[in-house]
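First up is the structure itself, then whatever we jot down about it.
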Amino acid sequence: MASEYLKWKYRDVKPDKPIVLTPQEKRRNWWRYHWWHVLMAVILLIAAGNLLMHVLGIGQDQPDYQIAYVGSTPLPQDSVKALETALAELGQDCNGDGRVVVQVNSYTDGDAVQDGSGAANSYAASVTLMADLTDCDSYFFLLEDPEQFQRNYQVLRRLDGTLPKDTDTDYESCCVAWTDCPTLTALPLGEYSDTILGREVEGSNQKIFSGLYLARRGFWTEETTDYPEESDALWDALTKGAVSL
């Protein structure tokens, strides 16, 4: 039996009435404890959306022609842009988007890098180059060492359009020197100014490309690059009058 004192002490105590929140107060209370989760969800959705757009090529200019540069040192960005612009004037709108886009894909071996990242860069370039070759992205090739490239990958077509045999190591029949192509040497490429390997360099874009060789991809299966007929036509235009042909 409860004591009379306790009865007296708690004689006026009544349970609290439940608090009824308005819809606006409920929303404010929920946001107070969950705003961080909403923010993270938004960030993840934006990242996933950007990745999907990149994979699908949404919002990006899709190239009509792709060129793989393979060399020991990176090309100046000014030189790359000048080449892409000049070659676009010789090509055609293959994908019907109203623009002619030439894309240079650069793959450098990284040996010239002095900060210790050369090996990692070389490996990354090798992996991306293999992906390019597997997916048949690049039709044209600008090569610093065509003999080594053909020995390693065996993907180049002969200049006469035929496919070399697996045992054929005659790389000279698969490439033409830049300086031997009147169309290439006449391209209005202008000058470049860029930072390469930590130092400021400038000079003629034609001189940058003069030591390279032009080659094109051969296809031994039904899988080919995009717009092979248009690419063949551009190849004919670039090599017209070439000394080696």
Counting sequence-distant residues (5 or more places) and residues on other chains, those with an amide H built under 5 Å from that of G218 are L156, R157
Interchain or sequence-distant (5+) residues whose placed amide H lies within less than 5 Å of the amide H of G203 are Y192
Honestly segment 188-245 on the Cα gyration tensor test (a ≥ b ≥ c root eigenvalues; a/c under 1.5 rounded, otherwise a/b vs b/c for prolate or oblate) is just prolate
Answer in debye to the nearest 20: the dipole magnitude of segment 65-238 about its Cα centre, from +1 Lys/Arg and -1 Asp/Glu charges placed on Cβ, is 220
Each label sits 7 Å from Cα toward the beta-carbon; between S193 and V127 the label points are separated, in nm, by 3.7
For segment 131-139, in residue order, the Karplus 3J(HN,Hα) values (coefficients 6.51, -1.76, 1.60; θ = phi - 60°; whole Hz; Gly and Pro = x) are 5, 4, 5, 5, 8, 6, 6, 8, 9
Residue by residue through segment 78-92, the couplings from Karplus 6.51 cos²θ - 1.76 cosθ + 1.60 with θ = phi - 60°, in Hz, x for Gly and Pro, are 4, 5, 4, 4, 5, 5, 4, 5, 5, 5, 4, 5, 9, x, 9
Under the rule rounded for a/c under 1.5, else prolate if a/b exceeds b/c, else oblate, using alpha carbon gyration tensor axes a ≥ b ≥ c, segment 138-245 is classed as prolate
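Since every read-out is calculated from the coordinates, none of them should be taken as a lab result. In this text the structure is predicted, and so the values were computed from the model without any measurement. Note: ideal-geometry Cβ built from the backbone for every residue, glycine included; neighbour counts use all protein chains shown.
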